[in-house]
Amino acid sequence: MKRLLLLLLLVLCLSGCMKFVQTPHKHNEQETSDNLSSSSSEQKSDSLYAEINDNIHELNNALLKEIVQSYFLVFDFDMSFNEDDFVDYERAYQYMRSAGTYPIEPFEYWKIFEKYYDSKSDQYTIPVELVDKLILEEKIKSSQFAGLTVVDDTYIVESSFWTVRPELHGYFNKDTWTLTVPSEIVDEYILSKFNTKIDYSQVKEYDENSHTYTYEPFMGSFHYDISVDEVIVDDEIVKFKCILTNEIEENESLSYETTFVIKFVHGEYKFLSVDIKDNNI
């Protein structure tokens with residue numbers, strides 16, 4: 001009997017030890033930003049703040065062009081890197097000003113909504129019926145209109161407010177045209193896009209007291225035509241080439257050949273490498 005009790009106790013102890021070994025210590029996994037790497041974007045976040053998600057259903061040429069445009073809106077044509085390289089955090093952070101602030105979507109909804117704009121109030125009054133139709137056709141996302149004011153079956157949308165990602169609406173200041181965003185949101189987004197390490201000392205927009213970034217989103221224009229020439233899909237890895245051409249004068253143009261390699265998983269993409277060749281040399 002004693003032998004049986006001893007054996008039962010031993011089994012219970014081993015079972016408890018196994019459970020302890022298999023249970024990760026969640027706090028240690030997220031202790032410091034220095035330990036965060038690009039792989040951390042694939043782990044589920046416990047942050048109290050919203051995550052920025054692209055939620056791209058499938059990649060096509062139009063979406064690839066949007067990604068390329070967002071890349072070159074903030075980077076010069078010298079921003080090449082290999083898959084094993086660590087991108088300097090100050091440079092990687094700049095991507096927040098374009099794709100991090102504005103959603104990646106090729107549908108030019110502002111052309112449809114243009115007639116609903118009132119310059120005096122600087123607002124759009126958009127019929128709910130139209131919005132529902134576009135959501136049903138998957139041309140826009142329902143999250144973009146979540147929480148907006150509805151009056152007489154129309155959405156009331158401020159022009160300065162509505163192009164910003166829905167996750168960032170509450171952080172946009174219309175008076176200063178800046179966003180003050182919690183560092184958890186920005187850090188997680190940048191780590192999901194680049195192989196980099198957070199270094200707050202490199203970013204002047206970071207406030208260590210409030211743990212926020214305050215920055216102006218990109219509000220310029222893009223003057224390059226983008227043509228996607230070749231797309232190779234190998235499971236989660238997508239490699240594609242494109243030509244960017246800027247017509248300066250009638251008989252003169254600037255041209256760059258670029259090759260992007262990205263990882264595309266569950267509607268999200270991450271840059272693995274970018275190779276840029278100057279065709280003007």
Accessible-area ranking of LEU130, LEU64, largest first, probe 1.4 Å: LEU130, LEU64
Of all accessible heavy-atom area on region 155-195, the percent that carbon and sulfur account for (1.4 Å): 50 percent
Distant-in-sequence amide H partners of TYR224 (H built 1.01 Å from N, under 5 Å): none
Qualifying aspartates and glutamates (Cα of each under 18 Å from Cα of LYS111; at least 8 residues distant if same chain): GLU66, ASP122, GLU129, ASP132, GLU137, GLU138, GLU158
Note, ³J(HN,Hα) from phi for region 181-197, Karplus 6.51, -1.76, 1.60, rounded to Hz, x at Gly and Pro: 10, x, 4, 4, 5, 5, 4, 5, 5, 5, 5, 6, 9, 9, 7, 8, 10
Part-to-part distance (alpha-carbon centres) for region 203-281 and region 120-157, which is given in Å: 30 Å
For PHE271, net neighbour charge (Lys/Arg +1, Asp/Glu -1) across residues whose Cβ lies under 9 Å away: +3
Given LYS141/LYS239; LYS174/LYS204; LYS120/LYS193, the pairs whose alpha carbons are separated by over 30 Å: LYS120/LYS193
Two-site label geometry, ASP235 and ASP76: point separation in nm, points 7 Å out along Cα→Cβ: 3.8 nm
Per residue, in Å², the accessible surface of region 62-207 once ligands and nucleic acids are set aside, probe 1.4 Å: 49 Å²
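The values are calculated or read from the model by the stated rules, or taken from the named source; none is laboratory data. These numbers were taken from a predicted model, which means no experiment stands behind them. Cβ sites come from the backbone with ideal geometry, for glycine too, and all protein chains shown count toward neighbours. The accessibility values were calculated without ligands, DNA or RNA, using every heavy atom of the protein model including side chains. Shrake-Rupley method; radii C 1.70, N 1.55, O 1.52, S 1.80 Å.
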